[in-house]
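For reference, the structure is listed below as structure tokens.
What follows is calculated from the coordinates using simple rules that are stated; it is not laboratory data. Just so it is clear, the structure is predicted and the values come from calculations on it, not from any experiment. A quick note on method: Cβ atoms are made from the backbone with ideal geometry, for glycine too, and the neighbour counts reach across all protein chains shown.
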Amino acid sequence: MNLVNRICTSLTDALLGVFSGWSPALLLIAISAVLGILMAIVFRFTSQQAQLKRVADLSRAQVLAIKLFKDELGTMFVSLGRLFRYTGLRLWYSLPPALVMVIPFVLVLVQLARWYEHSPLVDGDVAMLEFHLNEADWSRHKQLQLEAAAPLELTHRHNDAVEKVVTWNVHAHGEDAASIDWRLGDLTGTKRIAIGASRDALAPVDAQIAGPSFWDRLLYPGEPAFASDAPIREVTLQVHERDTPILGLNVPWWLTFLVVSILVAMLVRPLVGVQF
């Protein structure tokens with residue numbers, strides 16, 4: 001999973017880095033539109049288009065029958081039952097392309113989350129950096145050492161023996177991205193810290209170094225995850241959530257992505273020649 005994450009992260013950072021000067025909302029809409037077109041094309045070539053067109057025509061016929069025979073309850077209910085049946089068939093025929101798209105779709109979403117879920121730190125910000133240790137390795141917590149160079153400063157180490165967490169306050173100075181090196185015995189690593197000119201600055205923010213859990217590795221792909229036998233379970237950086245308003249409304253970025261991509265896929269349907 002680390003290899004897949006590394007490849008996807010490198011490609012995403014290289015691509016979005018080119019457009020990092022754009023308005024975050026405009027870039028999100030553009031990405032969603034492009035993916036909506038790709039979704040329509042993939043659906044076109046991975047689905048049974050002939051069958052989908054047939055049941056679509058049959059569904060429209062039943063809708064017309066319901067309107068024409070609304071005063072004849074028996075006929076109307078028969079048409080309604082057929083309509084439900086044809087709707088179920090459309091969903092069934094749509095299942096194979098949905099299965100084809102689900103994995104790349106999820107990978108795209110988790111990569112976009114790195115750029116749109118959280119804001120980078122700004123000059124003067126203070127964030128908590130938490131190292132979660134395994135209970136069996138808590139006795140080694142005093143060996144955990146961190147080093148931070150400008151523009152970062154570390155203060156106020158706190159050891160929580162109940163939660164098995166070691167916490168530092170990270171002070172950001174300046175506007176350049178930085179990193180913190182850490183060591184626990186023979187285990188070493190680096191935690192990247194995103195710093196921007198403003199909270200609206202578009203940059204990848206890795207809020208967590210995942211542990212061995214598959215779902216954690218999937219949701220937090222930006223930095224290599226810990227092995228199952230590592231003394232550290234995960235590393236968490238407490239950062240602000242990003243606001244990406246669309247038309248004056250502060251809607252979640254993922255909702256904007258879903259709505260725009262689906263809407264664009266429907267709009268290009270005649271051009272692509274696809275039946276949903």
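Here the range 58-172 is described by how far its Cα atoms reach on the three principal axes: 79, 37, 29 Å, from widest to narrowest. Both radii are taken from the alpha-carbon atoms of the range 1-131; with Rh as the Kirkwood radius, Rg/Rh is 1.21. Here I103, I209 are placed in order of increasing Cβ neighbour count within 10 Å, fewest first, which gives I103, I209.
Each peptide in 171-177, 69-75 was scored by the mean count of other Cβ atoms within 10 Å over its residues; highest first, the order is 171-177, 69-75. Among 188-194, 38-44, sorting by the average number of other beta carbon atoms lying within 10 angstrom of each residue, highest first, gives 38-44, 188-194. Membrane-span-like helices in the chain, defined here as complete DSSP H runs extending at least 27 Å along the helix axis by their C-alpha atoms with mean Kyte-Doolittle hydropathy no lower than 0.5, are 24-46, 73-116; this is a sequence and geometry rule, not a statement about a membrane.
The share of C-alpha pairs in the chain whose separation exceeds 29 Å stands at 49 percent. With contacts taken as Cα pairs under 8 Å and at least 6 residues apart, the chain reaches a relative contact order of 27 percent.
Placing +1 on each Lys and Arg Cβ and -1 on each Asp and Glu Cβ, with no other charges, gives the chain a dipole about its Cα centre of roughly 1800 debye.
According to the Kirkwood relation over distinct C-alpha pairs, the hydrodynamic radius of the range 107-199 is 14.5 Å. Taking the Cα atoms of the range 124-276, the ratio Rg/Rh between the radius of gyration and the Kirkwood radius comes to 1.10.
Amide H contacts of N134: I232, R233, each under 5 Å away and 5 or more positions distant or on a separate chain (H built 1.01 Å from N in the peptide plane; Pro and chain starts excluded).
In a fully extended conformation the segment linking W92 and A14 would gain 24.3 nm over its present Cα-Cα distance, using 0.36 nm per residue.
If you take the Cα Rg of the range 210-276 and divide it by 2.2 N^0.38 Å, with N the number of residues, what do you get? Normalised Rg, Cα atoms only: 1.74.
Once the chain from D57 to R183 is taken as fully extended at 0.36 nm per residue, the excess over their C-alpha distance is 38.9 nm. The protection proxy used here, the mean number of other Cβ atoms lying within 10 Å of each residue, ranks peptides 119-128, 243-252 as follows, highest first: 119-128, 243-252.
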